[in-house]
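See structure below.
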There are 6 protein chains.
Amino acid sequence: MRPSKRAPDEMRAVSIERGFSKHAEGSCLIKFGDTHVLCTASLEERVPPWLRGAGKGWVTAEYGMLPRSTGSRMRREASSGKQSGRTQEIQRLIGRSLRAVVDMEALGERQISLDCDVIQADGGTRTASITGAYIALKECLDWMQARSMVGGNVLKDNVAAISCGIYEGTPVLDLDYDEDSEAETDANFVMTGSGGIVEIQGTAEADPFTEEQFSELMRLAKKGIKELVDLQNLSA
Amino acid sequence: MRPSKRAPDEMRAVSIERGFSKHAEGSCLIKFGDTHVLCTASLEERVPPWLRGAGKGWVTAEYGMLPRSTGSRMRREASSGKQSGRTQEIQRLIGRSLRAVVDMEALGERQISLDCDVIQADGGTRTASITGAYIALKECLDWMQARSMVGGNVLKDNVAAISCGIYEGTPVLDLDYDEDSEAETDANFVMTGSGGIVEIQGTAEADPFTEEQFSELMRLAKKGIKELVDLQNLSA
Amino acid sequence: MRPSKRAPDEMRAVSIERGFSKHAEGSCLIKFGDTHVLCTASLEERVPPWLRGAGKGWVTAEYGMLPRSTGSRMRREASSGKQSGRTQEIQRLIGRSLRAVVDMEALGERQISLDCDVIQADGGTRTASITGAYIALKECLDWMQARSMVGGNVLKDNVAAISCGIYEGTPVLDLDYDEDSEAETDANFVMTGSGGIVEIQGTAEADPFTEEQFSELMRLAKKGIKELVDLQNLSA
Amino acid sequence: MRPSKRAPDEMRAVSIERGFSKHAEGSCLIKFGDTHVLCTASLEERVPPWLRGAGKGWVTAEYGMLPRSTGSRMRREASSGKQSGRTQEIQRLIGRSLRAVVDMEALGERQISLDCDVIQADGGTRTASITGAYIALKECLDWMQARSMVGGNVLKDNVAAISCGIYEGTPVLDLDYDEDSEAETDANFVMTGSGGIVEIQGTAEADPFTEEQFSELMRLAKKGIKELVDLQNLSA
Amino acid sequence: MRPSKRAPDEMRAVSIERGFSKHAEGSCLIKFGDTHVLCTASLEERVPPWLRGAGKGWVTAEYGMLPRSTGSRMRREASSGKQSGRTQEIQRLIGRSLRAVVDMEALGERQISLDCDVIQADGGTRTASITGAYIALKECLDWMQARSMVGGNVLKDNVAAISCGIYEGTPVLDLDYDEDSEAETDANFVMTGSGGIVEIQGTAEADPFTEEQFSELMRLAKKGIKELVDLQNLSA
Amino acid sequence: MRPSKRAPDEMRAVSIERGFSKHAEGSCLIKFGDTHVLCTASLEERVPPWLRGAGKGWVTAEYGMLPRSTGSRMRREASSGKQSGRTQEIQRLIGRSLRAVVDMEALGERQISLDCDVIQADGGTRTASITGAYIALKECLDWMQARSMVGGNVLKDNVAAISCGIYEGTPVLDLDYDEDSEAETDANFVMTGSGGIVEIQGTAEADPFTEEQFSELMRLAKKGIKELVDLQNLSA
């Protein structure tokens, strides 16, 4: 029995509130249960120096947690003067995941910055960030299309992400914080709407895991991501 | 005529959503029109080194803006590796303002950290932060009192803050961003529930101002702060 | 009775030694009693990036304290790797104060940097800095005028600053360190030669203060600033 | 045909030179073809603050590249003042991988720091680092056992790592730099001597990949890691 | 002919103003011509961690230049967030030089920090700093002796420093900025009152120099340091 | 008797392994006994901003120690976020030393960066770095000459460096770590192949030294540098 009382293949309630920000070209507040992430997309008419003149755009991401988004207060990264290794790892993952579904030539020489800020954390912040960043990015591209800045072909597919883990020997979907802290294995999957795999990360927290266990985690992930993609499309 | 169509002495709609955070000992989401600030209070059973053994507590504050809380995206301070002078100035002001109404002996050797994070900005973020931080602090002290950690005498009074300015020659209350950008003079007032002044900051943006103009700004501020204090007490 | 034995409305002995630096385009050593600040003005034929091509100049300021300018040695900010919040707050105040009396179009596309370095501190370093920076700036503009780089119309007025406070219940002018440490309220005023107010900052250190008390502080400030402006003009 | 002319399941020549450092408690120079990494293990009789008194030890890792280990010179991280996101990601991976095979109670309250410094890079530096760090760690534990500081039960298993990728549509083992730059998919596998999986990271560089492709990469990885573990044991 | 019109073995006018700072335990303003350095000594009743319990004291030094101490304004090191290599090199030299004449056992477990801040620069700031720091240190030790904290045996000898160089083929003593910029060779000498050598640094700016040239520079240095030591003793 | 059993004027075994790096335009691994330094030269077709358009090139150097190159592990500078004063002092010395033998006009508008990374330390790392950097620089210039980028006249002379010291009262050549830790005086000499002096640094570690002692150290240094220059030329 999971602490959350959910069935092994049952996700938390997921909701997406679009157009959350008055200023951003695209935004949403995404909730995976008690994990709440504000995702915004900001358009800039410039690209990083190494892309100038290449006729291609860029998509990048930053991630942050509010100091008291967690059970005990964390030190503010702006105050400590640097982003932790974990923060950098997550924002690199978000950026790679979204770039996998963007046609950079169709975007043109522009950069879209995705900011994923965790308002409240209860496990799965990086997967919620990727799933919500897709919505913010799509809103931004719709905004651009409405202004004839791009065509309708910049996004090649949906992209969404979910975590799975082995909790007391059982593979389960969408870990919350209590489950994640106790899980023997933790894995994150990023997939497209058509089922392609963009990123897999699996880590043994205690004992190593087997290929069979990993396959079962992937099966769960595919189920979860299908549900997330349906929700993304419904919310649009 | 103000861009906001408000009367010179009319504040924006202000709302306070208490208990916004699942984790923090006290929290609220405060809105002054389109300015939205999440305020949390975090209790820690330790004090800064220079207060150890003094039998007194401490209240401190940190302030941040989400990168796309503003009209154009700002650089993330955690990424640039330092807090701007403006950020430091504001968080020092918030801390001083709240400490003015706390009995540190009654608090005991503990620290309460107030985090004010701007989710969306439209002028007046520092005054919204102070007004909301009071609510988060009060919730935190109520939480402590319910656990018999403190008595009911830690808070000596309410504290709230409001901005005023001279817009096209007319003193007006509670500037939004459009008004603030054009104001000739900008002033922030922090006052207690019983009308005492905690902090005054007045700055000439263009031409110097006169003592008479400043008195008129203070009159407006007193009106606004009275309304805010009433709202604080109603929301409790 | 003040620790300094001065009457409530009596300033410390103030002196200005002009042309203190061999290299700078303008400079002075200003002394408010035992508070000694070296102010220099440095002309650069460039403006910040956001002003390029606008046909306007800029005035900026930096502030520092020598490590042993104070009673006990402070850590050197260059060694700790960052400027404190207090330092940034003060240098922003100095910059704003001086810009209030400069006609940026008449200055042309150039930047003048004002460095205020505290050689010895005994309270009131920020107000001495502003008062002395005016002299350094004026010397620099005279130097430029002598070389036909600008006309005589860049400076619109004098600017000077003074602190006031409530010490043992009595409003007093120009606090030294011993008085400042014990004051219940501390306020800084920046005004022009013609009596306009550029900046007001008032802070309750212990109990809140009243509007009447604040008016009395302003009255003292006006008296002090008049004396400082007279001295600035005499020293020219 | 791979640029390296190797068969799809053929690793580069791998060599391990043990005891490379005069000073370190354990060390080796590991070569995967032209990728050369110096791995050292340093014993310290202290643990991180959060482990003090817990009766357990800790293993941590740091990673660096010499500025001209690569085709064009990289900026020295000590000079730029921070470690890149990539560096932090890799050193976190190395640390997790090694901790997976260490019995922290049997180690006792001590920390072993593994430094992996890339002398020359030609792809696969993180997997070479993990494979070599195991040797350095084992040497260090042997050194401690020879001094009766620990028993022979601290290491629970071997651990080694290898990269795989899809190059021109074909899954291949152990990518060198030329292959890695062109690969459509890149995956890193960390496994134990007994075949358990410690960490999986798979990334689509261009188009998403399928579960079948990923299974083939894992099959290659198991073959490669078996060879690396045999080599580790032979070199001992 | 030197730009300064001085004879090859002629120093600039040197003056020492003792007791310059109201707060420091020892201080002086030392002038070598237009080079002016404020030197303070600050006593702290603690030693660096690696000396605790060793029954010995420590002497350390920090060096800084005011931003406009030079012909064109330099960036403030506190603002740029780090001390330059040059600054660190000089403050390490000052510390080593002074430690050479201090009996650390006689000092006891205390640290004296010497701050050398260049108010105005015209060449030779490091040698003026060492020569002046000796005076500040001596004043501090006299202050301590007057309070029976130490005996009269802490200082083992005087220490002073001077620069020499080869200017247009001629060895000359005590270079000012104009001479230093054009010198073919630049050397700094630190010596004790009894003629022992504490530090020698000689650098070829253009062509290498010969042993004979270096001997001539040393001869000049001995003459100059003798004059400085006499002045130190006279000023006491 | 020296701990190393060497005669007072006897150097350690010195070896130079040229072409050590696959990627760099020039490189060597130089060993002075157990001190091993990897030196690489990297060519870049750009110069520092202050040299642009001057028709001249530049040579610069960086220095680093691997964390466990020493007897006890040092903190990694990339992790601590800054280079120590010692590191900066050494890399400035290496750069100056090599620039002394380069004709910058003949090099043309290009920069060569010399990286000296200490793989293993046993005293004398800075002198080994300079001696090895000469080889890397020469290899780089040969590589450029083979591509007709420069003529054969860029290097004006050899340059090499050695340390000397006074150990138990006896002047000795080429101190290893054990000797260096106990030496009363420590001096580093940088000289050209034709015997010109480029840099001299002598420091009294305990008591001051005399001019006679210093002359004896220089005599030893000249002997040692002659041997190093012969070895440089043989290894070419």
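Which shape class applies to the stretch A:81-170: rounded if a/c is under 1.5, otherwise prolate when a/b exceeds b/c and oblate if not, where a ≥ b ≥ c are the square roots of the Cα gyration tensor eigenvalues?
prolate
With only alpha-carbon atoms in the gyration tensor, what are the semi-axes of the equivalent ellipsoid for the stretch B:105-149, in Å, largest first? Please list the in-between numbers first.
Numbers: eigenvalues 139, 20, 13 Å².
So the three semi-axes of the stretch B:105-149 are 26, 10, 8 Å.
Ranked for footprinting exposure by Cβ neighbours inside 10 Å, fewest first, E:10, C:179 give E:10, C:179. Dipole check for the protein assembly as shown: with +1 at the C-beta of Lys and Arg, -1 at the C-beta of Asp and Glu, and the Cα centre as origin, the magnitude is about 0 Debye.
Once both axes come from the Cα atoms, what is the angle between helix F:125-146 and the longest principal axis of chain F, in degrees from 0 to 90, rounded to 10? Orientation of helix F:125-146: about 20 degrees from the principal axis.
Sequence gap at least 6, Cα distance under 8 Å: using those rules, report the relative contact order of the stretch A:1-131 to the nearest whole percent. Don't skip to the answer; put the middle values down first.
Working: 238 pairs, mean separation 45.3, N = 131.
Taking the mean separation of contacting Cα pairs over the length of the stretch A:1-131, I get 35 percent.
Taking other C-beta atoms within 10 Å as the exposure proxy, A:207, B:186 rank A:207, B:186 from fewest upward. Here residue E:74 yields copy-to-copy label distances, from shortest upward, of 2.1, 2.5, 3.3, 3.3, 4.0 nm, the label point defined as 7 Å from Cα along Cα to C-beta.
In straight-distance terms, cross-link reach from residue F:156 covers every one of the lysines whose alpha-carbon lies under 30 Å from its own, apart from those fewer than eight places away in the same chain; here that gives F:22, F:31, F:56, F:138, F:222, F:223, F:226. A straight Cα-to-Cα reach below 22 Å connects residue C:82 with the lysines A:82, B:82, D:82, E:82, F:82, residues fewer than 8 places away in its own chain not being considered. Between E:206, E:100, E:161, the residue with the greatest mean-square fluctuation in the GNM of chain E (Cα pairs under 10 Å linked by springs) is E:206.
How many nm is it between the label spots at residue A:206 and residue D:105, if each spot is 7 Å from the Cα in line with the beta carbon? If labels sit at residue A:206 and residue D:105, their model points lie 1.2 nm apart. Each Lys and Arg adds +1 at its Cβ and each Asp and Glu adds -1 at its Cβ; summed about the Cα centre, the stretch C:106-236 shows a dipole of about 1100 debye. Counts of other chain beta carbons within 10 angstrom of each beta carbon in peptide A:20-26 average 5.
Once the mean of 1/r is taken over each pair of separate Cα atoms and inverted, the protein assembly as shown shows a Kirkwood hydrodynamic radius of 35.3 Å. Rounded if a/c is under 1.5, else prolate if a/b is larger than b/c, else oblate: which is the stretch A:21-76, with a ≥ b ≥ c the root eigenvalues of its Cα gyration tensor? Since a/c reaches 1.5 and a/b is larger than b/c, the shape of the stretch A:21-76 is classed as prolate.
The relative contact order of chain B comes to 22 percent, based on Cα pairs under 8 Å that sit 6 or more residues apart. If you take all other residues with their beta carbon under 14 Å from the beta carbon of residue B:79, and give Lys and Arg +1 and Asp and Glu -1, the sum is +4.
Each copy carries a label point for residue A:234 at 7 Å from Cα toward Cβ; from one copy, the others' points are 3.7, 5.8, 8.2, 8.2, 9.4 nm away, ordered from shortest. In plain terms, the residue of F:129, C:80 with the fewest other Cβ atoms within 10 Å comes first and the most crowded comes last, giving C:80, F:129. Across F:53, F:132, F:196, mean-square fluctuation computed from a Gaussian network of chain F (C-alpha pairs under 10 Å connected) peaks at F:53.
If you average 1/r over every pair of different alpha-carbon atoms in the stretch F:1-141 and take one over that average, what Kirkwood value in Å do you get?
Value: 16.0 Å, from the Cα pair sum.
Of the Cα atoms belonging to the stretch E:107-236, the radius of gyration and Dmax stand at 16.6, 54 Å. Between residue E:56 and residue A:84, the simple spin-label model (points 7 angstrom out along Cα→Cβ) gives 4.1 nm.
Can you tell me the FRET efficiency between residue B:15 and residue A:148 if r is taken as the Cβ-Cβ distance and R0 is 41 Å, rounded to the nearest 0.05?
Numbers: r = 38 Å, r/R0 = 0.93.
The calculated FRET efficiency here is 0.60.
If you take the square roots of the eigenvalues of the alpha-carbon gyration tensor of chain F and sort them as a ≥ b ≥ c, do you get rounded (a/c under 1.5), prolate (a/b over b/c) or oblate? Prolate, because a/c is 1.5 or more and a/b exceeds b/c. Report summary: the helix-based calculation at 222 nm, which adds -39500 (n - 2.57) for every DSSP H run with n ≥ 4 and divides by the residues of chain E, gives -10000 deg cm²/dmol.
Label points for residue B:146 are taken 7 Å from Cα along Cα→Cβ. From this copy to the others they lie 4.3, 6.2, 6.3, 7.3, 7.8 nm apart, shortest first.
What does the structure give for D:90-96 when I average, per residue, the other chain Cβ atoms found within 10 Å of the residue Cβ? Walk me through the numbers before you get to the answer.
On the way: counts 2, 3, 5, 2, 0, 0, 3.
Mean number of neighbouring Cβ atoms from other chains: 2.
By the scheme Lys and Arg +1, Asp and Glu -1, what is the net charge of all other residues having a beta-carbon under 12 Å from that of residue C:37? Net local charge, residue C:37 excluded: -3. Annotation for the stretch C:1-70 versus the stretch C:73-125: alpha-carbon center distance of 8 Å.
Please tell me the relative contact order of the stretch F:140-204 in percent, rounded to the nearest whole number, where contacts are Cα pairs under 8 Å and at least six residues apart.
Working: 97 pairs, mean separation 17.4, N = 65.
Computed over the stretch F:140-204, the figure is 27 percent.
Where is the GNM fluctuation largest for chain A (alpha-carbon springs, 10 angstrom cutoff): A:45, A:216, A:109? Result for chain A, Cα springs under 10 Å: A:45 fluctuates most.
In summary, the convex hull built on the alpha carbon positions of the stretch D:46-126 has an orientation-averaged projected area of 6.2 nm². Neighbours of residue D:229, meaning other residues whose beta-carbon lies under 14 angstrom from its beta-carbon, give a summed charge of +2 when Lys and Arg score +1 and Asp and Glu score -1. Counting only other chain Cβ atoms within 10 Å of each residue's Cβ, the peptide E:34-45 averages 2. Considering only chain D, the C-beta nearest to the rotation axis that sends D to B is found at D:81, 5, the distance in whole Å.
Each value in this text was obtained by applying a stated rule to the coordinates, not by laboratory testing. The structure presented is a predicted model; accordingly, all values stated were derived computationally and were not measured. So basically every Cβ, Gly included, is an ideal-geometry build from the backbone, and we count neighbours across all protein chains shown.
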